[in-house]
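A short worksheet on the structure shown next.
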Amino acid sequence: MTFAHDTEVALSSAAALVNTDPAGGSGEDSLRSRSDLVRFLDEMGWSGARAGDDVELDDVRALRPRLRELWHLEEAPLVRTLNEILADAGALPQLVDHDDLGWHIHAVPQEAPLATRMAVEAAMAFIDVVRSGELDRLKTCAADDCEDVVVDLSRNRSRRFCESGCGNRENVRAYRDRRRS
Ligand SMILES: [Zn+2]
Ligand SMILES: [Zn+2]
């Protein structure tokens, strides 16, 4: 395991959220309605309060480009941004256990607005990445036509493609190129 379990879950969850909003028009926005959001939250196992209204949807949608930025910032500005996210949310780290998850950290209460909790959870996870000197694990998909963000949790840091099938597509393309030549 590269990071603590809750950190890895939070990083994957943040990447999944960012990737619902494909940058550069490379795909469909898959977080357009309140029911899209419910599906996403259930898939990702998000606990805590949900308003279920359009304000919440808009706030979560607006969070996506801000989280995407975390993948691209250099270390110093990244650190500033992470500290800002925590300060803005009035974060207070607490060890909690719920739903048999084992001890993990919540830095804002479960009643805090969803977008705030998502931002803080991502920030706390990124802090682990910075502290461990593992920023090179935060990547962008290596496929030419895909800007999805990638969290490389592999032992040998070999992951290059996002989870939406780019790796397979590249393999097929490479295979065809070989056959053609
Ligand atoms: Zn929790
Ligand atoms: Zn991709």
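Which trypsin sites (Lys or Arg not before Pro) does segment 105-181 hold that lie in a coil by DSSP with at most 14 other beta carbons within 10 Å?
Counting only loop positions with at most 14 other Cβ atoms within 10 Å, the trypsin sites (Lys or Arg not before Pro) in segment 105-181 are Arg155, Arg157.
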Among Asp29, Asp99, Asp21, which one moves the most in a GNM of the chain with springs linking Cα atoms closer than 10 Å?
Asp99
Under the rule that a partner needs its Cβ under 4.7 Å from the first Cβ, which Cys of the chain have none?
Cys166
Assuming 0.36 nm per residue, please report the length gained on full extension of the stretch Arg80 to Arg50 beyond their Cα-Cα distance.
7.9 nm
Helix-only CD estimate at 222 nm, as mean residue ellipticity for the chain, using -39500 (n - 2.57) per DSSP H run (n ≥ 4):
-16500 deg cm²/dmol
Heavy-atom accessible area per residue of segment 75-173, all protein chains kept, 1.4 Å probe, expressed in Å², is 57 Å²
Tilt of helix 34-44 relative to the longest C-alpha principal axis of the chain, in degrees (0 to 90, nearest 10)?
80 degrees
How long, wide and thick is the chain, going by the Cα atoms along their three principal axes, in whole angstroms, largest first?
59, 37, 34
What does the charge add up to near Met1, with Lys and Arg as +1, Asp and Glu as -1, over the other residues with Cβ less than 10 Å from its Cβ?
0
Semi-axes of the equivalent ellipsoid of segment 1-70: what are they in whole Å, largest first, if each equals the square root of 5 times a C-alpha gyration tensor eigenvalue?
20, 17, 10
Between the modelled labels at Asp58 and His72 (7 Å from Cα along Cα→Cβ) the distance in nm is 2.5 nm
Would you compute the Debye intensity of segment 46-147 from its alpha-carbon atoms alone, equal scatterers and no solvent, and pass along log10 I(q)/I(0) at q = 0.18, 0.20, 0.21 Å⁻¹ to two decimals?
-0.97, -1.13, -1.19
Taking the C-alpha atoms of segment 73-113, how large are the radius of gyration and the largest Cα-Cα span, Dmax, in Å?
12.9, 36
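The values are calculated or read from the model by the stated rules, or taken from the named source; none is laboratory data. Predicted, not measured: the structure shown is a model, and the values here were computed from it. Counting neighbours? That spans all protein chains shown, and the Cβs are built from the backbone with ideal geometry, glycine included. With ligands, DNA and RNA removed, areas are computed over all heavy atoms of the protein, side chains included. Shrake-Rupley method; radii C 1.70, N 1.55, O 1.52, S 1.80 Å.
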